Amino acid sequence: MAPKKKEEPAPAPKPPPEPEQPKTPDFNPANITLEFTPEQIEDFKDAFQLFDRTPTSEMKITYAQCGDLIRALGQNPTNAEIMYVLGKPKADEMQTKMLDFDQFLPIHQHICKAKDRGTFEDFVEGLRVFDKEGNGTVMGAELRHVLATLGEKMREDEVEQLMQNQEDANGCINYEAFVKYIMAT
């Protein structure tokens, strides 16, 4: 009698594919509408002049000073946000490239507006708290409850519209894909 063949264990199921991070479009200051009052603009100009280190006060600052000036004006952008609005300059360009006041205003407006919106990472991190198993999913029922009862509460019909076709067969939602879906709409 021939020895029995050992059964090889079935391969583990592949994890769901990682959702693509949303592509961030290049910053275009021409697309920014300035919403500052004339008084605010005068205040910004005064602060800008304090940062102007040109020999003849040309109303210019270096790229490296841009983040400091925006922070002095009450915002708290990350260095990544500053690099994004400056066009991702190289390290040596930070000290040599200059920005005038008219170029600065749309950048400052964008930073002021951006603080009101969360990023992909912010939302994913917020939902990760509800990922009890650490597998990239949250229970749909729990997410419905959170959306309807915490923070800026949503109506039940709004929650249902948002959650439509997002749950898998087990009632779970891949929260990275969910955030990507929400940010795309």
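Please compute the Kirkwood hydrodynamic radius of the range 86-149 from all pairs of different C-alpha atoms, in Å with one decimal. Spell out each step's value before the answer.
Details: mean 1/r = 0.0643 Å⁻¹.
It is 15.6 Å.
Per-residue accessible area (protein heavy atoms, 1.4 Å probe) orders His110, His145 as His145, His110, starting from the largest.
FRET efficiency for Asp92 and Ala114, Cβ-Cβ distance as r, R0 = 30 Å, nearest 0.05?
Numbers: r = 26 Å, r/R0 = 0.88.
E(calc), rounded to 0.05, equals 0.70.
The distance between label points at Lys45 and Leu73 comes to 1.3 nm (points 7 Å beyond Cα on the Cα→Cβ vector). The three principal axes of the C-alpha atoms in the range 70-185 carry coordinate ranges of 56, 28, 22 Å, sorted with the longest axis first. Normalised by the number of residues in the range 91-185, the mean separation of alpha-carbon contacts (under 8 Å, six or more apart) gives a relative contact order of 27 percent.
The values are calculated or read from the model by the stated rules, or taken from the named source; none is laboratory data. Only a predicted model underlies this, so the values are computations on that prediction, with no experimental measurement involved. Virtual Cβ from ideal backbone geometry, glycine too; neighbours counted across all protein chains shown. Protein only, heavy atoms only, side chains kept; ligands, DNA and RNA dropped before computing areas. Shrake-Rupley method; radii C 1.70, N 1.55, O 1.52, S 1.80 Å.
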